[in-house]
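Written below as structure tokens is the structure these notes are about.
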Amino acid sequence: MLHPNSALFSRRKSRAGWGFTLLELMIVIAIILILIGIAVGNYQRSILRARETVLKQDLVTMRQAIDNYTLDKQQAPQSLDDLVEGHYMREVPLDPITHQKDWVIHISDTVLSPEQTGAGIDDVHSASDQASTEGTAYSSW
């Protein structure tokens with residue numbers, strides 16, 4: 001029989017206290033879940049900001065292509081496909097917000113130069129009805 005003051009008895013007693021309690025494990029898991037929740041929220045916001053940046057760049061590119069087409073051909077394009085066929089763009093990009101090629105085109109009678117013979121597309125917007133992180137509608141960009 002082991003004597004309570006022996007070294008072997010004290011080792012066995014201390015080994016029993018080495019594990020974690022259920023409460024300690026629950027606290028650690030709760031902290032980990034909170035950190036994961038914060039990380040996922042930050043990740044989703046950064047993805048949305050990246051899509052907004054792509055949308056702004058696509059709009060600038062398409063508007064520049066519309067102006068170049070109009071000035072070169074002396075007639076505004078009648079569709080965004082005219083810009084692709086005229087080699088002003090490789091392809092009509094997907095709207096990064098709606099994930100479709102559903103751009104809203106604006107057709108106007110205004111002319112960019114006195115030599116322009118026909119009216120057509122003069123602006124393009126996103127078809128999304130959502131609001132941006134700036135608080136404005138994507139369709140107003």
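The values are calculated or read from the model by the stated rules, or taken from the named source; none is laboratory data. Nothing here was measured: the structure is a model prediction, and the numbers come from that model. Here Cβ is always computed from backbone atoms with ideal geometry, including for glycine, and neighbour counts include all displayed protein chains. Ligands, DNA and RNA are stripped out before the accessible areas are found, and what is left, the full protein with its side chains, is counted by its heavy atoms. Shrake-Rupley method; radii C 1.70, N 1.55, O 1.52, S 1.80 Å.
The numbered conditions (1) open to solvent by 90 Å² or more (accessible area, probe 1.4 Å); (2) in a strand (DSSP E or B) are all true for GLN57 except (2). Here THR21 passes the criteria (1) under 25 Å from VAL84 (Cα atoms); (2) of a type in the set (Val, Ile, Thr); (3) open to solvent by 70 Å² or more (accessible area, probe 1.4 Å) except the one numbered (1). Taking the range 88-132 as the range and being within 11 Å of ILE66 (Cβ to Cβ), surrounded by fewer than 16 Cβ atoms within 10 Å (Cβ to Cβ) and within 26 Å of the chain's Cα centre (by Cα) as the test, the residues that pass are HIS106, ASP123.
Going through the range 60-71 one residue at a time, which ones are of a type outside the set (Gly, Ala, Ser) and either open to solvent by less than 20 Å² (accessible area, probe 1.4 Å) or touching a residue at least 12 places away in the same chain (Cβ under 8 Å) (or both)? THR61, MET62, ARG63, ILE66, ASP67, ASN68, TYR69, THR70, LEU71, listed by residue number.
Would you check if there is a residue in the range 72-82 being part of a helix (DSSP H, G or I) and either in contact (Cβ under 8 Å) with a residue 24 or more places away in the chain or open to solvent by less than 80 Å² (accessible area, probe 1.4 Å) (or both)? Within the range 72-82, one or more residues are part of a helix (DSSP H, G or I) and either in contact (Cβ under 8 Å) with a residue 24 or more places away in the chain or open to solvent by less than 80 Å² (accessible area, probe 1.4 Å) (or both).
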